[in-house]
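The block underneath contains the structure these notes are about, expressed in structure tokens.
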Amino acid sequence: MKNFPSIRKNRDFQEVYHSGKSYANRQLVMYVKKTERPGNRIGISVSKKVGNSVVRHRLTRLLREAFRLHDNTLKQGSDIVVVVRATAKEADYKTIERAFLHLCGLHNMVENRSDGHD
């Protein structure tokens, strides 16, 4: 199984926070920084204020899945950091996915596909 493309180092997170652009909605805050690297990497931050470890890990898994399923429709070459807000605590997958795609749209990361697939 191929490694999941994630941001792991604190330095990389800080770089995206300080020099990336951010947009937010009710559930998520997304920071995006363009890189020279091929492909996208995602970092997910869920504070203890959101809930206990079970809740935090569940939200992390939902976000990773939304990223995995839609990464092929996103413009490549970005580091993405997603901060989960406390209002996302009770959210189901569809809500998280919709919030993620909404922010990707605000960052102009969604490729215009003309092959009829969405």
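With a 1.4 Å probe rolled over the protein heavy atoms of all chains, the accessible area of ARG85, ARG61 falls in the order ARG61, ARG85, largest first. When nucleic acids and ligands are ignored and a 1.4 Å probe is applied, GLU111 ends up with an accessible area of around 70 Å². Rounded to 0.05, the FRET efficiency of the THR95 and ASN3 pair, given R0 = 35 Å and the Cβ-Cβ distance, is 0.80.
At 222 nm, what helix-only mean residue ellipticity would the chain give, in deg cm²/dmol to the nearest 500, using -39500 (n - 2.57) for each DSSP H run of four or more?
On the way: 3 runs with 42 residues, N = 118.
Helix contribution divided over all residues of the chain: -11500 deg cm²/dmol.
Here is the link list: LYS9/LYS49; LYS48/LYS75; LYS9/LYS94; LYS9/LYS48; LYS48/LYS94. Which ones come out longer than 25 Å on Cα distance? Pairs exceeding the cut-off: LYS48/LYS75; LYS9/LYS94.
Where a ≥ b ≥ c are the square roots of the eigenvalues of the C-alpha gyration tensor, would you call region 1-58 rounded, which needs a/c under 1.5, or, failing that, prolate if a/b is larger than b/c, or oblate?
On the way: a/c = 2.00, a/b = 1.30, b/c = 1.54.
Oblate is the answer for region 1-58, as a/c is 1.5 or above yet b/c matches or exceeds a/b.
A probe of 1.4 angstrom, applied to the heavy atoms of all protein chains, finds THR95 with accessible area near 40 square angstrom. For the chain, the equivalent ellipsoid built from the Cα gyration tensor has semi-axes of 21, 17, 14 Å, listed from largest to smallest.
Counting only protein heavy atoms, what percent of the accessible surface of the chain is carbon or sulfur at a 1.4 Å probe?
On the way: 3650 of 7460 Å².
For the chain, the apolar C and S fraction of the accessible surface comes to 49 percent.
Entry comment: accessible area of the chain is 63 Å² per residue, from protein heavy atoms only and a probe of 1.4 Å.
The values are calculated or read from the model by the stated rules, or taken from the named source; none is laboratory data. Every value quoted in this text rests on a predicted model; they were computed, and no experiment measured them. All Cβ positions, even for glycine, are placed from backbone atoms using ideal geometry, and neighbour counts span all protein chains on display. When the accessible area is computed, the model is the full protein with side chains, heavy atoms only, and any ligands, DNA or RNA have been set aside. Shrake-Rupley method; radii C 1.70, N 1.55, O 1.52, S 1.80 Å.
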